[in-house]
Ligand code: NAP
């Protein structure tokens, strides 16, 4: 199937382009970008022009930040194209629900992708937790914003989500592996005095049997931490490196492979291919719901200004 990539920035070049190139299902047929391009692929600067000029391209993958994405997704759906959304699927829950309704009405596939859910050990962690009673569940997502998001001013603006941009990846894993629903009961959002979005957040969640807490922080230097730890009535589980490694009772499970995270985007594109062929959509918004709840319920604390 022919696909167009829209928003040729960091994630498009790091992950989408190589995953499409390596897939037997997809051919990168066009790009739309104000500045970027991919060698050997027809490049457009205007989205409507691409939609009109290339009617045989039935699928578009939107790789720009969340705030501008709704407008592109809505135009693509109106033009009867199937749409794959980078995470988070939108800037607000309401615009995501609007896209779901539009896609249903136009009978096109809509995929709200969550790349961290496709990390190597996420399914194994879900299987291990099934049937066990959870006692304690701790998420620690701490990284250096200067290292991972250099020059990305949009991430600090309203709708950019701040530290929840990586934090929602943790939530996408949590909402996949926990059998029971959770909801935010307490949140503290630390917002730099010169920015609109939090640089750190601490949260507690309601769960029927367990104490569930999460800590996201963008001020981590040195070692980076993307970990989920669970204590149950039958032992403990730890997911490290964003779902690439899994330990049960402290013992590593499976072989550690350097490719453990590089499988994420190929899996997303395989899923998109299945959805288009089956005429289905996949639009789980639960990670985004928890972020919205944290912003609604969270106590804001002003912290030191952030400069790059
Ligand atoms: P980015 O490099 O800052 O931006 C991606 C592209 O979006 C830009 O090259 C730009 O395309 C387009 N864009 C930016 N503002 C726009 C606007 N107002 N209107 C239209 N297009 C606009 O961001 P990114 O890191 O790739 O992140 C994009 C999305 O991917 C985010 O939702 C992020 O959460 C997600 N993501 C990022 C990473 C990562 O490691 N960076 C990992 C996973 C997921 P042109 O200038 O080419 O038009």
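Derivation of every value follows stated rules applied to the coordinates shown; laboratory data play no part. None of these values were measured; they are calculated from a predicted model. Every residue, glycine as well, gets a Cβ built from its backbone with ideal geometry; the counts of neighbours run over all protein chains shown.
If I take R0 = 41 Å and measure r between the Cβ atoms of residue 224 and residue 53 in this structure, what FRET efficiency does the formula 1/(1 + (r/R0)^6) give, to the nearest 0.05?
Plugging the Cβ-Cβ distance into 1/(1 + (r/R0)^6) gives 0.45.
Fewest-first ordering of 116, 33 by other beta carbons within 10 Å of each residue's beta carbon gives 33, 116. Across region 53-191, the volume of the C-alpha convex hull divided among the residues equals 163 Å³ per residue. Ellipsoid fit via the Cα gyration tensor, region 2-112: semi-axes of 21, 15, 13 Å, each the root of five times an eigenvalue, largest first.
Using a/c under 1.5 as the rounded threshold, could you call the chain rounded, prolate or oblate? The axes a ≥ b ≥ c are square roots of the C-alpha gyration tensor eigenvalues, and prolate needs a/b larger than b/c, oblate otherwise. Prolate is the answer for the chain, as a/c is 1.5 or above and a/b outweighs b/c. Computed over region 2-112, relative contact order equals 24 percent, with contacts defined as Cα pairs under 8 Å that lie 6+ residues apart. With 0.36 nm allotted per residue and the present C-alpha distance subtracted, the residue 233-residue 262 stretch has 7.1 nm of extension available. Taking the chain as a Gaussian network of alpha-carbon nodes connected by springs under 10 Å, the highest mean-square fluctuation of the residues 234, 15, 280 belongs to 234. Pick from 16, 115, 183: which residue has the top mean-square fluctuation in a GNM of the chain where Cα pairs under 10 Å get a spring? Of 16, 115, 183, the most mobile in the Gaussian network model is 183. A simple spin-label model places the labels of residue 101 and residue 274 3.0 nm from each other, with each point 7 Å out along Cα-to-Cβ. Just checking the listed ones, 236, 37, 94: in the Gaussian network model of the chain with Cα springs under 10 Å, the one fluctuating most is 94. Taking a ≥ b ≥ c as the square roots of the eigenvalues of the Cα gyration tensor, an a/c ratio of 1.5 or more together with a/b no larger than b/c marks region 195-246 as oblate.
For region 239-308, what class follows from the C-alpha gyration tensor (a ≥ b ≥ c being the square roots of its eigenvalues): rounded when a/c is under 1.5, otherwise prolate if a/b is larger than b/c, else oblate? Note, shape of region 239-308 comes out oblate.
Fully extending the segment from residue 284 to residue 211, taken as 0.36 nm per residue of separation minus the present Cα-Cα distance, adds 23.8 nm. State the Cα centre-to-centre distance between region 46-106 and region 230-248 in whole Å. After rounding, the separation between the Cα centres reads 36 Å.
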